[in-house]
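> Before we start, here is the structure in question, set down as structure tokens.
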């Protein structure tokens with residue numbers, strides 16, 4: 001392995017560290033809601049600075065590596081790394097939003113057992129997990145398969161939005177709690193978006209095709 | 001001007017075209033709300049594909065230019081271009097969200113004259129305008145001055161959220177409309193976030209300092 005290759009490997013390593021911290025932030029934020037545990041929520045809010053710092057570190061390495069005039073394939077890895085880092089940073093932000101709303105919700109009686117939200121969250125997390133696995137293994141089939149699953153999470157979010165809106169109209173004393181749940185549902189939907197972005201970046205990285213906003217005709 | 005320099009100039013040109021389309025999308029989306037004009041809203045939704053396509057074109061040029069092993073300063077321009085394109089693409093998405101909600105709102109009687117939303121929108125647009133002007137002129141003082149203004153838009157969004165939540169509790173028959181207005185307010189807040197991101201990219205571009213997540217000590 002050349003020095004340059006080992007620097008690339010270190011970049012990948014840092015990205016995976018970022019990914020595991022972002023995933024754990026989302027998991028903790030959902031647990032802070034379901035288990036009504038403020039301490040977990042506070043951990044998520046505190047840990048976000050660390051994820052933000054990792055994004056900066058990734059970008060510093062990206063600039064350094066780009067200046068060494070790499071080959072096309074290495075170039076794509078470096079560019080993808082920067083994009084994936086930005087998505088993971090945003091996943092961390094969404095986890096923070098969920099955690100903050102969980103803290104608010106935990107001060108009031110629970111509306112009903114949370115079923116849809118943990119289900120949506122596990123769909124989004126499976127997508128995130130899969131896209132990161134595709135990144136690590138170069139399995140672009142896996143990445144391509146993740147992209148349409150975003151629609152399922154979007155649909156659930158829209159369904160939950162409608163249900164919560166009706167619930168608010170029936171029982172105006174639940175409005176504040178319903179608004180918090182809407183925000184959490186939207187945050188999970190955005191985590192799925194980020195997972196989809198990462199899957200698209202993985203296809204770009206290994207196949208050189210930009211498939212955002214619909215699949216372009218293959219060259 | 002060398003061939004490489006003229007390619008860089010073309011990249012900047014394309015980014016400014018993208019910026020003007022994104023700005024016009026936001027303006028139209030707000031007008032579709034205030035003037036209750038569905039046609040304008042539909043234009044915004046249709047034009048979004050064009051903005052998405054421009055982002056792809058910017059990124060293709062970015063990869064091409066990066067492979068030519070540029071100097072550090074040129075490198076920063078290319079990387080910033082890619083990031084700014086992503087932010088502008090998201091501004092376009094937020095304009096689409098505003099336009100869709102405007103179409104929904106325009107089917108029902110107006111709650112009251114819109115005052116806070118156009119005010120927030122013009123704050124966000126001033127920030128976007130300023131950050132793009134800083135990008136064009138290299139005025140990093142201007143860029144640095146834009147960053148703290150994001151807080152003002154955040155505060156207005158939070159205030160409007162609270163007002164709308166109280167209004168919903170008092171008058172449950174306004175809930176659907178209040179929810180649309182909350183989404184629009186949040187979209188404007190995100191446009192201001194993107195403007196702030198662009199301002200941070202401008203500082204990075206011209207001074208080489210990464211000031212995201214708080215200003216780091218100057219080297």
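The values are calculated or read from the model by the stated rules, or taken from the named source; none is laboratory data. Keep in mind that this is a model prediction, so the values were computed, not measured. Please note: Cβ atoms are built from the backbone with ideal geometry, for glycine as well, and neighbour counts cover all protein chains shown.
> Taking region A:92-121 as the region of interest, how many residues are under 22 Å from the mean Cα position of the chain (by Cα) and part of a helix (DSSP H, G or I)?
Residues in region A:92-121 being under 22 Å from the mean Cα position of the chain (by Cα) and part of a helix (DSSP H, G or I): 18 in total.
> Output the residues belonging to region B:11-40 that are crowded, with 20+ Cβ neighbours inside 10 Å and within 17 Å of the chain's Cα centre (by Cα).
Listed by number, the residues that qualify are B:15, B:18, B:19, B:22, B:25, B:26, B:28, B:29, B:30.
> Tell me which residues, restricted to region A:105-128, are loosely packed, with under 15 Cβ neighbours inside 10 Å and in contact (Cβ under 8 Å) with a residue 40 or more places away in the chain.
A:108, A:110, listed by residue number.
> Of everything in region A:40-58, what is more than 7 Å from chain B (Cβ to nearest Cβ) and within 30 Å of residue A:3 (Cβ to Cβ)? Give them in sequence order. Steps first, answer last, please.
Going residue by residue through region A:40-58, those that are more than 7 Å from chain B (Cβ to nearest Cβ) are A:40-51, A:53-55, A:57-58.
A:50, A:51, A:53, A:54, A:55, A:57, A:58 - these are the residues of region A:40-58 that are more than 7 Å from chain B (Cβ to nearest Cβ) and within 30 Å of residue A:3 (Cβ to Cβ).
> In addition: Name every residue in region B:78-91 that is more than 11 Å from chain A (Cβ to nearest Cβ) and within 19 Å of residue B:30 (Cβ to Cβ), in order of residue number.
Across region B:78-91, the qualifying residues are B:88, B:91.
> Which is more than 14 Å from every other protein chain (Cβ to nearest Cβ) and either surrounded by 16 or more Cβ atoms within 10 Å (Cβ to Cβ) or outside any helix (DSSP H, G or I) (or both), of A:8, A:65?
Selected residue: A:8, the only one of A:8, A:65 that is more than 14 Å from every other protein chain (Cβ to nearest Cβ) and either surrounded by 16 or more Cβ atoms within 10 Å (Cβ to Cβ) or outside any helix (DSSP H, G or I) (or both).
> Take residues that are crowded, with 22+ Cβ neighbours inside 10 Å and more than 20 Å from the chain's Cα centre (by Cα) and tell me which of the helices (runs of 4 or more DSSP H) falling wholly in region B:138-219 contain 1 or more.
Once the helices (runs of 4 or more DSSP H) in region B:138-219 are filtered for at least 1 residues that are crowded, with 22+ Cβ neighbours inside 10 Å and more than 20 Å from the chain's Cα centre (by Cα), what remains is B:149-170, B:175-207.
> Go through (1) modelled with pLDDT under 85; (2) more than 13 Å from every other protein chain (Cβ to nearest Cβ); (3) in contact with a helix residue (DSSP H, G or I) (Cβ under 8 Å, 6 or more places away or on another chain) one by one and return the number of the condition residue A:75 breaks.
Only one criterion in (1) modelled with pLDDT under 85; (2) more than 13 Å from every other protein chain (Cβ to nearest Cβ); (3) in contact with a helix residue (DSSP H, G or I) (Cβ under 8 Å, 6 or more places away or on another chain) is unmet by residue A:75, namely (2).
> For residue A:23, state whether it is assigned to a helix (DSSP H, G or I) and within 13 Å of chain B (Cβ to nearest Cβ).
no
> Going by the structure shown, is residue B:197 out of contact with any strand residue (DSSP E or B) (no Cβ under 9 Å at 6 or more places or on another chain), within 14 Å of another protein chain (Cβ to nearest Cβ) and within 30 Å of residue A:173 (Cα to Cα)?
The answer is no for residue B:197.
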